[in-house]
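Heads up: the structure comes next, in structure tokens.
The values are calculated or read from the model by the stated rules, or taken from the named source; none is laboratory data. Small disclaimer: the values here were computed from a predicted structure and weren't measured. Neighbour counts are summed over all protein chains in view; Cβ atoms, including those assigned to glycine, are modelled from backbone coordinates with ideal geometry.
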Amino acid sequence: MKNRKTLKMVQLAILTAIVLIFAFTPIGYLKTPAVEITFLCIPVAVGAIVLGPVEGAFLGLVFGLTSFFQAATATSTFGAALMNISPVSTFVLCIVPRVLCGLLPAFVFRALSHIKKLRILPHALASFSCAALNTVFFVGGLMLLFGRSDYISGMQAGKTVLAFAAAFVGLNGVIEAVVTLIVGGAVSKGILKALHRA
């Protein structure tokens with residue numbers, strides 16, 4: 001029991017380090033003038049699947065704190081613009097979606113993992129849900145907290161809320177979800193198999 005708890009702490013520490021490495025090196029973000037594609041959902045998804053909801057939520061919190069740091073230091077142009085509107089709302093937007101995207105996939109995995117014939121599908125779907133939920137909660141939070149601001153209103157330029165959300169998510173949301181599904185699913189399945197828990 002003590003060995004298992006120690007192993008869990010070591011795994012959490014390693015995944016936390018990976019989130020930080022992803023956040024502060026080019027590994028974690030593909031930045032273009034138009035969009036930022038993040039791969040930080042991968043270690044968060046792996047943590048949620050392998051370690052559980054509490055650890056997944058913690059990794060999501062670390063992800064969110066790095067996002068807020070980037071917004072506060074103007075490393076992220078979009079985040080810096082939101083900070084100028086409201087630092088408190090920006091903090092909420094950075095933290096809440098990321099904590100939820102770490103928490104909820106653990107329950108998706110637990111619900112599906114009992115069906116043995118699905119094989120890697122529970123790992124893949126839980127990983128996919130991490131990136132998808134991050135996008136949905138982030139865009140939803142953006143519209144809720146900043147939808148009436150001049151900055152977001154200017155970006156909407158006459159589009160409906162649904163059309164703006166679809167355009168805002170666009171290719172980057174799809175890429176994040178697909179990459180997380182493939183990499184997160186494979187890595188989490190491999191780890192659990194190595195631990196004889198797959």
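Quick check: anything in the range 46-60 modelled with pLDDT of 95 or more, farther than 22 Å from Ala132 by Cα, surrounded by fewer than 16 Cβ atoms within 10 Å (Cβ to Cβ) and not charged (D, E, K, R)? No - not one qualifying residue is present in the range 46-60. Flag: Leu65 matches the condition of being surrounded by fewer than 21 Cβ atoms within 10 Å (Cβ to Cβ) and out of contact with any Gly (no Cβ under 9 Å at 6 or more places or on another chain).
The listed residues are Ala13, Ala17, Ala74, and the only one of them that is exposed (fewer than 14 other Cβ atoms within 10 Å of the Cβ), of a type in the set (Gly, Ala, Ser) and part of a loop (DSSP other than H, G, I, E, B) turns out to be Ala74. Picking from Val62, Val54, which residue would you name as being more than 13 Å from the chain's Cα centre (by Cα), in a helix (DSSP H, G or I) and under 20 Å from Leu15 (Cα atoms)? Of the residues listed, the single one that is more than 13 Å from the chain's Cα centre (by Cα), in a helix (DSSP H, G or I) and under 20 Å from Leu15 (Cα atoms) is Val54.
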